[in-house]
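> To start, I am sharing the structure in question, which I have written as C-alpha cells.
The values are calculated or read from the model by the stated rules, or taken from the named source; none is laboratory data. Computed from a predicted model, the values in this text were never measured in an experiment. As a convention, Cβ positions derive from the backbone with ideal geometry for all residues, glycine included, and neighbour counts pool all protein chains shown.
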Amino acid sequence: MSVPARHGRRRVPRHVHVRRHRFHPRIEWRARQAPRQALTASERTAILTLLHEERFVDLPPAQIWAQVLDAGQVPPCSIRTMYRVLAANAEVRERRNQLRHPAYHKPELLATGPNQVWSWDITKLLGPVKWTYYYLYVLLDIFSRYVVGWLLARQEAAALAKVLIAESCERQHIAPDQLIIHADRGPSMTSQPVALLLATLGVVPSHSRPHVSDDNPFSEAQFKTLKYRPDFPARFGAYEDAETFCRRFFPWYNLAHRHGALGLMTPHDIHYRLAEAKWQQRAEVLGAAYHAHPERFPRGVPVPPPLPTAAWINKPPASPALARPEGAGS
C-alpha cells in the first residue's frame, strides 16, 4: 500500500513514509504500555526466591517447572520467564568452563639500520611427487632485506633452525641485546631449543599473533619474490635440484635485485652501507643529464629514489596531535 502522490511527486511506499516521519519532532509518540499479563516486581521477586530454594538451586528452570507441577501446584510462570528473571539478575551462564584465548599483543617493531630486527620463516618447496616437500628456512634483515642465512632441509625441525640462527648471528657478529628476531608461531619458531638459544645469545624473540598473516610481511614478501622467478618450477625433481636453485637465487637476491622499497638499491648495498655513495653517483649522473637537456625535465633536476630510513612491522598510527601541523586550526 502506498501514500497517494501529491503535486506530481512519485508514490512512496507506506512503510518508507512511516519510517521517515516516525521520529518527526512535531509528532508525539506515546510510550509503549506494559502488557496486562506482565509480572509485577513482587512476582518477579517471588519467582527468584523460588529458584533460589535449596531443593532447586542446582536445577535448570525446566526441571523446576516440572517438579512444581508434579507437586500439585501451579508454576508461577513459564519456563522461558524463569530464564528471563534469572538473566535480569545475571544468573544465567554457560555451566562448562569455556576455553578463552588470551589477548595477544600486536607486535610493533622498528629497525633504523641493519642487524636490528630479523624476520624468519619456513616455506615448502614441492618435491617430485605428491605430498613430498623440501623445507626452506630463511633469515631476513627487515631494514636491508638482506638474507643473512638460509637452509634447505627434507624436514622441519627445531634443531635445524637452531643451527641456522646460531651460524647467522656469528657470521653477522651479533652482540648481546642488539637484535630482535621475529617469526610466526610455527612449531620450530616457538620450540624450546630455539628459545634457549636466543636467550643464550642475548637475542629478543618476537612472535606474530595467531592466525594473523600480515604480522610477518617481510618474510612473506621475500618468499613471493622467490616463487615468482621465471625459473622457479612447479615441482623440483629432487632435493639436489631445489638446492641448486637456492644457491643461484639467494646471491642474485642479495647482490643484484634492485628493491623498490630500498630506493632501487640491492639488499647488499643497504646492509653493508654502500648505498649512500651509489646514491650520490646516481644523483651526479642525473644532474649531468639535466644540464645537457634541461628541456626534457620540466620538473627540474631529477633525483634518485630516496634511501630507506626505517622499517616497521605494524607501524603504530600517528597521533592526531602529531599529525596536525603546529598552529593549525582544529
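> So VAL92 ticks every box in (1) of a type in the set (A, V, I, L, M, F, W, C); (2) crowded, with 18+ Cβ neighbours inside 10 Å; (3) out of contact with any strand residue (DSSP E or B) (no Cβ under 8 Å at 6 or more places or on another chain) but one. Which box is left unticked?
Failing condition for VAL92: (2).
> Give the stretch 176-195 a look and list any residue that's surrounded by 15 or more Cβ atoms within 10 Å (Cβ to Cβ) and small (Gly, Ala, Ser), or say none.
Across the stretch 176-195, the qualifying residues are ALA183, GLY186, SER188, SER191.
> Then there is this: From the residues in the stretch 95-122 that are of a type in the set (A, V, I, L, M) and either in contact with a helix residue (DSSP H, G or I) (Cβ under 6 Å, 6 or more places away or on another chain) or surrounded by fewer than 16 Cβ atoms within 10 Å (Cβ to Cβ) (or both), which one is modelled with the lowest pLDDT?
Step by step, filter the stretch 95-122, then rank; the result is LEU99.
> If you take the residues in the stretch 311-330 that are of a type outside the set (Phe, Trp, Tyr) and surrounded by 12 or more Cβ atoms within 10 Å (Cβ to Cβ), which one is modelled with the lowest pLDDT? Can you show your working first?
From the stretch 311-330, those of a type outside the set (Phe, Trp, Tyr) are 311, 313-330; that's our starting set.
Then drop every residue that is not surrounded by 12 or more Cβ atoms within 10 Å (Cβ to Cβ), which leaves 311, 313-314, 324.
Values: ALA311: 96, ILE313: 94, ASN314: 93, ARG324: 53.
Across the stretch 311-330, the extreme among qualifying residues is ARG324.
> If you don't mind, another one. Determine which single condition VAL129 fails, assuming it passes every other condition in (1) surrounded by fewer than 12 Cβ atoms within 10 Å (Cβ to Cβ); (2) in contact with a helix residue (DSSP H, G or I) (Cβ under 6 Å, 6 or more places away or on another chain); (3) hydrophobic (A, V, I, L, M, F, W, C).
(2)
> Then there's this: Being farther than 18 Å from TYR253 by Cα and surrounded by fewer than 21 Cβ atoms within 10 Å (Cβ to Cβ) is the filter here, so list the residues in the stretch 135-163 that pass it. Reasoning before the result, please.
Here is the first cut: in the stretch 135-163, the ones farther than 18 Å from TYR253 by Cα are 135, 153-163.
Passing the criteria: TYR135, ALA153, ARG154, GLN155, GLU156, ALA157, ALA158, ALA159, LEU160, LYS162, VAL163.
> What strands (runs of 3 or more DSSP E) completely inside the stretch 96-169 contain at least 1 residues that are farther than 21 Å from PRO217 by Cα?
Correct list: 117-126, 133-141, 147-153.
> Could you grab me the full set of residues in the stretch 52-85 that are in a helix (DSSP H, G or I) and closer than 18 Å to SER42 by Cβ?
Matches in the stretch 52-85: THR81, MET82, ARG84, VAL85.
> Look at LEU255 and say whether it is within 13 Å of ARG145 (Cβ to Cβ) and loosely packed, with under 13 Cβ neighbours inside 10 Å.
So LEU255 fits the description; yes.
> Does the stretch 279-302 hold any residues that are of a type in the set (Val, Ile, Thr) and either under 17 Å from ASP269 (Cβ atoms) or exposed (fewer than 12 other Cβ atoms within 10 Å of the Cβ) (or both), and which are they?
Selection gives VAL285 alone.
> A further question follows. Suppose we keep only residues that are of a type in the set (A, V, I, L, M) and more than 19 Å from the chain's Cα centre (by Cα) within the stretch 112-139. Which one would you say is farthest from THR266 (Cα to Cα)?
Initial filter on the stretch 112-139 (of a type in the set (A, V, I, L, M)): 117, 122, 125-126, 129, 136, 138-139.
After this cut, where a residue has to be more than 19 Å from the chain's Cα centre (by Cα) as well, the list is 125-126, 129, 136, 138-139.
Numbers: LEU125: 25, LEU126: 28, VAL129: 36, LEU136: 22, VAL138: 18, LEU139: 17 Å.
Only one residue fits best here, namely VAL129.
> Looking only at the stretch 162-213, how many residues end up being of a type in the set (Asp, Glu) and touching a residue at least 24 places away in the same chain (Cβ under 8 Å)? Before you say what the answer is, go through the steps one by one.
First, the residues of the stretch 162-213 that are of a type in the set (Asp, Glu): 167, 170, 177, 184.
Those left that are additionally touching a residue at least 24 places away in the same chain (Cβ under 8 Å): 177, 184.
Number of matching residues: 2.
> Right, another one. Among the residues of the stretch 32-49, count how many are hydroxyl-bearing (Ser, Thr, Tyr) and in a loop (DSSP other than H, G, I, E, B).
Qualifying residue count for the region: 1.
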